[in-house]
Amino acid sequence: MKLQDMIGLAVFEVEEGQEVGKIVDILVDSNWNITGIELESKTFFTNHVKVVAWNEMIAYGEDAVMIRSKESIEKAEADHIPYTFLLGKRKLKDLQVITAAGTILGRVSDVYFDQKMGNTIVALEISDGLVTDLIEGRKWLPCSEEMSIGEDTVMVPAMSEERLQKAINIVNG
């Protein structure tokens, strides 16, 4: 499943079966784990956001996310959230991906996680620009422990370009 596909999903609490909002962003930590979701908020000019921790989510699918109860929703300071996928100061989307050898692989366009593996991010979808995307398709890079999220880039090991090429060959046959 892609994180982009979760944006906009309705969130329901199971105690009363009530819709409590829609997902506007996904929270991520530096170890490539999804830590929670951010819900839409009607308050403006505040540094607080409504979040639900990953362990408060009971189920998630193509159409909705189910959480334990309304009490699962907490307020958090946006500045204290390590990373987000789509919005905020430290977002993954559109970060440049660069190898330790100085090769730019492209920019993060989406993030993949395997529902069977829980909240672990398994790969990055990398865009090398619209024209390249149309001609060659987007690239897929499996995540590894050596990858790190920086302020302006995602740093990946020098051999990542080869791993990326292998992923393209597997996808394209």
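The values are calculated or read from the model by the stated rules, or taken from the named source; none is laboratory data. These figures come from a predicted structure and were not determined experimentally. A quick note on method: Cβ atoms are made from the backbone with ideal geometry, for glycine too, and the neighbour counts reach across all protein chains shown. Quick note on the areas: whole protein, heavy atoms, side chains included, nothing else; ligands and nucleic acids left out. Shrake-Rupley method; radii C 1.70, N 1.55, O 1.52, S 1.80 Å.
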(message) Restricting to DSSP loop positions (anything but H, G, I, E, B) with no more than 12 other Cβ atoms inside 10 Å of their own Cβ, which chymotrypsin sites (Phe, Trp or Tyr not before Pro) remain in region 1-45?
(response) Phe44, Phe45
(request) Please work out how much length the chain gains when fully extended from Thr46 to Asn31, using 0.36 nm per residue of separation minus the C-alpha to C-alpha distance, in nm with one decimal. (result) 2.6 nm
(request) Taking the Cβ of Lys2 as the centre, find all other residues whose Cβ is under 12 Å away and add up their charges (Lys, Arg: +1; Asp, Glu: -1). (result) -3
(message) From the Cα trace of region 1-100, what convex hull volume per residue do you get, rounded to a whole Å³?
(response) 109 Å³
(message) Please compute the modelled spin-label separation between Glu162 and Glu19, points set 7 Å along Cα→Cβ, answer in nm with one decimal.
(response) 5.1 nm
(request) Counting only C-alpha contacts under 8 Å and six or more residues apart, can you give the relative contact order of the chain as a whole percent? (result) 18 percent
(message) How large is log10 of I(q)/I(0) for region 76-149 at q = 0.11, 0.13, 0.26, 0.28 Å⁻¹ when the intensity is taken from the Debye formula with one equal scatterer per alpha-carbon?
(response) -0.32, -0.44, -1.28, -1.34
(request) Give me the Debye-computed log₁₀ of I(q)/I(0) at q = 0.08, 0.13, 0.19, 0.20 Å⁻¹ for the chain, equal point scatterers on Cα only, no solvent, two decimals. (result) -0.27, -0.67, -1.21, -1.30
(message) Can you give me the % of accessible surface on region 33-150 that is carbon or sulfur? Probe 1.4 Å, all protein chains present, nothing else counted.
(response) 53 percent
(message) Please compute the length gained on full extension between Ala64 and Asp94, using 0.36 nm multiplied by the number of residues separating them and subtracting their Cα-Cα distance.
(response) 8.2 nm
(request) Taking H placed 1.01 Å from N in the peptide plane, check which residues at least 5 places from Lys91 or on another chain put their amide H under 5 Å from its amide H. (result) Thr84
